[in-house]
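Data block below; observations after.
The values are calculated or read from the model by the stated rules, or taken from the named source; none is laboratory data. Quick caveat, the model's predicted, so the values are computed rather than measured. Neighbour counts run over all protein chains shown; Cβ positions are idealised from the backbone, glycine included. The protein model used for the area step is the full one, side chains on, heavy atoms only, and it has no ligands, DNA or RNA in it. Shrake-Rupley method; radii C 1.70, N 1.55, O 1.52, S 1.80 Å.
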Amino acid sequence: MTDVSGAWYLSLAAALFGIGAFGLLVRRNVLVMFMCVELMLNAANLTFVTFARMLNDIAGQAVVFFVLVVAAAEVVVGLAIIVAIFRRRREATADDLHILRG
Amino acid sequence: MHPGLVPVPLLATSLPDAITFAVSAVIVIAGAIGVVVARNPVHSALMLVMTLFGVAVLFVEQRADFLAAVQVIVYAGAIVVLFLFVIMLLGVDRREAVSADPLPWQRPLALVLSFCALGSVLALGFSGAWSTGAASVTGALPHRAGDTAALGKVVFTTYLLPFEVTAALLVIAVVAAVLLVRVPQLREQGGQAGAERGGAAGLEGDPEAVSDPGVDGDPQGLGERDREVVPS
């Protein structure tokens, strides 16, 4: 009668992070790239909660709380930037954003 | 080696826990793969909701009830809805971004790099060379279910300053978002054309181009406005 071992959770979080990183590298749509960043943040959150349970320390959960808030702020600003870019140019792909190129 | 890192076989744990973990893990991984491979951004957002719910279940499994609730409310309830709003607002849900890859070597390279990162993390995790530090620095996890009281105590005592800074951060983010997406103020002399531009394509980011009467009266400018805006 034991809990699921923390190694399983950590492996799952690593897999989730890997999938998110892969999507971030592969996809061209900036919105989907943003969602992949969210996947990676969730993997980190899962790791924090797992270590909080393994080490019997509430600080890990407190960190997850702050990560959630910062992620919300990040999404707000990021989506605002995406909307502003869309107003200038009607593209959704990251390849077309070369405004700064001389 | 830290005792918690010994990989106990999943079937050696209690059956309800093992089943919950296995089902949630399948949901999380399937949702994550769906986010990456879905052609339509709307489908990606819905798959993201699936992954977030799976992670919330895993939070509950690890006695993080409050975080699971916040995860569902903030992530699935607010952030994904924000994503969907932006997708619908911009009308990009029909776009195909996957075809016509300008860098043909990027996809295999990304796959290899991701697997290398995953493999190295797993190898590091199971090698046993861990430095875990002191346990329970700020406060112990409550043994029974329900972490809300302990988490609130820690957030409002030990982490009070980060909590306040977080409040300022949220305000700054909201102000920044409003400033970024604000449509520049139109002048009243625009008349019909000005109203049209303000409504359909208040999509102009350049305030000079909108308020300039020469460009304003030209309906042809709507098609070309995203390239170079020449103000006159």
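Per residue, how large is the accessible surface of the stretch A:6-96? Use a 1.4 angstrom probe and give square angstrom.
26 Å²
Interface size between chain B and chain A, please: total buried accessible area, 1.4 Å probe, rounded to the nearest 100 Å².
Counting both chains, the buried surface is close to 7900 Å².
Just the projected area, averaged over all directions, of the convex hull on the alpha carbon atoms of the stretch B:8-96: how many nm²?
Its Cα hull, projected and averaged over all orientations, spans 6.2 nm².
How high is the relative contact order of chain A, in percent, counting Cα pairs under 8 Å that sit 6 or more residues apart?
Here the relative contact order equals 29 percent.
Points 7 angstrom from Cα along the Cβ direction at B:Val165 and B:Ile73: gap in nanometres?
2.5 nm
If you count, for each residue, the other Cβ atoms within 10 Å and average over each peptide, how do B:19-27, B:80-88 line up from highest to lowest?
B:80-88, B:19-27
If you wrap a convex hull around the alpha carbons of chain A, what volume per residue comes out, as a whole number of Å³?
It comes to 113 Å³ per residue, whole-number rounded.
Please compute the modelled spin-label separation between B:Val42 and B:Ile172, points set 7 Å along Cα→Cβ, answer in nm with one decimal.
3.7 nm
Sort A:28-40, B:66-78 by packing, meaning the average of other beta carbons within 10 Å per residue, with the highest value first.
A:28-40, B:66-78
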